[in-house]
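Quick note: the coordinates plus some simple rules give every number you see, no bench work behind them. The model shown is predicted, which means the values in this text are computed figures rather than measured ones. Note that each Cβ is placed from the backbone with ideal geometry, even for glycine, and that neighbours are counted across all protein chains shown.
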Amino acid sequence: MTKKPPFNLIILGDPAAGKGTQADKLARRYRMYDLDMGREVKKPAALAQYDYAHTTAIGKLTPTVVVRKIFKDAVVSVPATQGIVFNGTPKMVNEAHLVARLLAENKRTDPLVIYIRIPMRETIRRAEKRREYVNGQLTKRDDDSRRALMNRRRYYKEQIARVVEFFRERYEFRNISGMGSEAEVAARIGAVVKRYKDKHDRSH
């Protein structure tokens, strides 16, 4: 019996919607490669190309040249037997086009695209609660400063809507509410992914 090809996921969402947390859960549950741009750019090959710390501190997106290389390397190097979770990425439409092309060229199945939505007031509320230890002191994260948050909002308004439009026209697309507890959001996403996976398995 021919083994079914793995399915792929693209998890996008509003700032502070919990997309990273939910993508991590799905990657572990289905043993998928977790393509988290935040982790990928910290690898030596990516760090050599730009100042990651400065970029995130002012709330800007990772430079496209770096993102494109990471996408190419990941899609080519991940085993054909393993699915990929695009964890909060791509965020720009030219990167979305690249992802679609890479998936097709490498004969990977069309992904399910999920967008986790929360109101702007909830983005602000969650950002204000986020903290991390710096030199032993509990402090706000630099990338959650108001300047960074407004930059992220502007980038999203200008770019992510175009990404959503592109993926909505090309792949199966689902909006999911990010309100409620982490477990409640996970249950909503899990139900959608299970239906998609069942359909995927039947069609292959």
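Here are the numbers for the structure shown:
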read-out: Extended-chain gain in nm, criterion 0.36 nm per residue less alpha-carbon gap, K4 and D24; value: 4.9 nm
read-out: A187 paired with R168, simple spin-label distance in nm, labels 7 Å along Cα-to-beta-carbon; value: 2.8 nm
read-out: Full-stretch length increase - K107, K194 - with 0.36 nm per residue and alpha-carbon distance subtracted; value: 29.1 nm
read-out: Too-long pairs where the Cα-Cα distance tops 20 Å, listed order kept, from K4/K72; K72/K107; K69/K157; K91/K199; value: K4/K72; K69/K157; K91/K199
read-out: Under 13 Å, Cβ to Cβ, from R202 - net charge with Lys/Arg +1 and Asp/Glu -1; value: +3
